[in-house]
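Here the structure is laid out as structure tokens; the discussion comes afterwards.
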Amino acid sequence: MEFLHGQSTETTVAVAVAVVAVAAGAGFLLLRSKKPKGCLDAENFKEFKLVQKRQISHNVAKFKFALPTPTSVLGLPIGQHISCRGQDATGEEVIKPYTPTTLDSDIGYFELVIKMYPQGRMSHHFREMKVGDYMSVKGPKGRFKYQPGQVRAFGMIAGGSGITPMFQVTRAILENPSDNTKIHLIYANVTYDDILLLEELDNMAKNYPDRFKIYYVLNQPPEVWDGGVGFVSKEMIQAHCPAPAADIQILRCGPPPMNKAMAANLDDLGYTKEMQFQF
């Protein structure tokens, strides 16, 4: 009987230990699978502190903003943007959309690459910002929602600062090993010095040669240049973007005249409205 009693006690202890182990394991998996809550508010502006400002060229700078804690994430869905609020040179309020170049895998901060124009109202605000200042931000905003594998391939046509949403989507796809989506990007600028995120784009093309292709187009190219020249043409789109098909999509983002011209080119080439999206 003592043997049976001891065996019963041991069994009870073993079961208790097993239950605790299973509960602990489930808790660990829950913690790992639970997505951190984002810092954004779609209805109200929130303040984020500028912790670094790095000049990239004479009119382009990278702004790094801290999130509330080192483990916080911005919480911006792929392909969406934020609204930034500032003041122009006359002190009037101005609100403009921007797409961060960081993802939620970049914890504790987010970054904006900003091209500042001489007469730009929001450009004035960014030019005047100093480390320690705060930026008012609201979001997420936007109609584009990306799910891995939603298309076989993306064609992307970007002009100037219109590269930022393309860069965000491209990074998300390439850094996801289970996403096999192909990306074909045409990126147009006036001069070589106007190309934003050049080093980052070239590195992605080098590191993911089977998944990401980029074709640069310049209005005023340097003497030695192997990219496109002039404006993005139908021939360039045919050569560097996936052909019209039900499982592809062409994304475009650039100045209004460029967007209008690209929409006309895509229509002429047989891309349906469902195959096109404009940021």
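Points to keep in mind about this one:
- Residue in segment 145-154 that is among the charged types (D, E, K, R), at pLDDT below 95 and either within 15 Å of the chain's Cα centre (by Cα) or more than 25 Å from residue 97 (Cβ to Cβ) (or both) present: yes
- Residues of segment 203-242 classified as within 21 Å of the chain's Cα centre (by Cα), among the acidic types (Asp, Glu) and under 26 Å from residue 260 (Cα atoms), total: 0
- Per the conditions (1) surrounded by 15 or more Cβ atoms within 10 Å (Cβ to Cβ); (2) modelled with pLDDT of 95 or more, the sole criterion not satisfied by residue 59 is (2).
- Where a residue in segment 260-279 is of a type outside the set (A, V, I, L, M) and its partner, wherever it lies, is open to solvent by 60 Å² or more (accessible area, probe 1.4 Å) and assigned to a helix (DSSP H, G or I), with Cβ under 8 Å and at least six apart: 265/234; 268/234
- Residue 183 being within 16 Å of residue 251 (Cβ to Cβ) and outside the structural domain of residue 116 (by the TED database): yes
- Contact map, segment 213-230: residues that are in a loop (DSSP other than H, G, I, E, B) paired with residues that are open to solvent by less than 60 Å² (accessible area, probe 1.4 Å) and of a type in the set (Val, Ile, Thr), Cβ distance under 9 Å, separation 6+ or inter-chain. Pairs shown: 219/191; 220/191; 221/191; 222/191; 227/217; 230/217.
- Number of the condition not met by residue 165 [criteria: (1) of a type outside the set (Lys, Arg); (2) surrounded by 22 or more Cβ atoms within 10 Å (Cβ to Cβ); (3) assigned to a loop (DSSP other than H, G, I, E, B)]: (3)
- Residue in segment 133-143 that is outside the structural domain of residue 208 (by the TED database), among the β-branched types (Val, Ile, Thr), surrounded by fewer than 17 Cβ atoms within 10 Å (Cβ to Cβ) and touching a residue at least 24 places away in the same chain (Cβ under 8 Å) present: no
- Those residues of segment 114-123 which are open to solvent by 10 Å² or more (accessible area, probe 1.4 Å) and of a type in the set (A, V, I, L, M), in sequence order: 116
- Residue list for segment 34-56, filter: free of Cβ contacts under 8 Å to residues at least 24 places away in the same chain and either farther than 22 Å from residue 173 by Cα or surrounded by 15 or more Cβ atoms within 10 Å (Cβ to Cβ) (or both): 54, 55
- When segment 170-198 is limited to residues that are under 28 Å from residue 257 (Cβ atoms) and without any contact (Cβ under 8 Å) to a residue 24 or more places away in the chain, the one that is least open to solvent (accessible area, probe 1.4 Å) turns out to be 195.
- Residue in segment 227-238 that is aliphatic (A, V, I, L, M) and within 22 Å of residue 57 (Cα to Cα) present: no
- Test: residue in segment 221-230 that is aliphatic (A, V, I, L, M), surrounded by 20 or more Cβ atoms within 10 Å (Cβ to Cβ) and either within 25 Å of residue 111 (Cβ to Cβ) or modelled with pLDDT of 95 or more (or both): no
The values are calculated or read from the model by the stated rules, or taken from the named source; none is laboratory data. A quick note: this is a predicted structure, and the numbers were derived from the prediction, not measured. Cβ sites come from the backbone with ideal geometry, for glycine too, and all protein chains shown count toward neighbours. Just the protein is used for accessible areas: all its heavy atoms, side chains included, with ligands, DNA and RNA removed. Shrake-Rupley method; radii C 1.70, N 1.55, O 1.52, S 1.80 Å.
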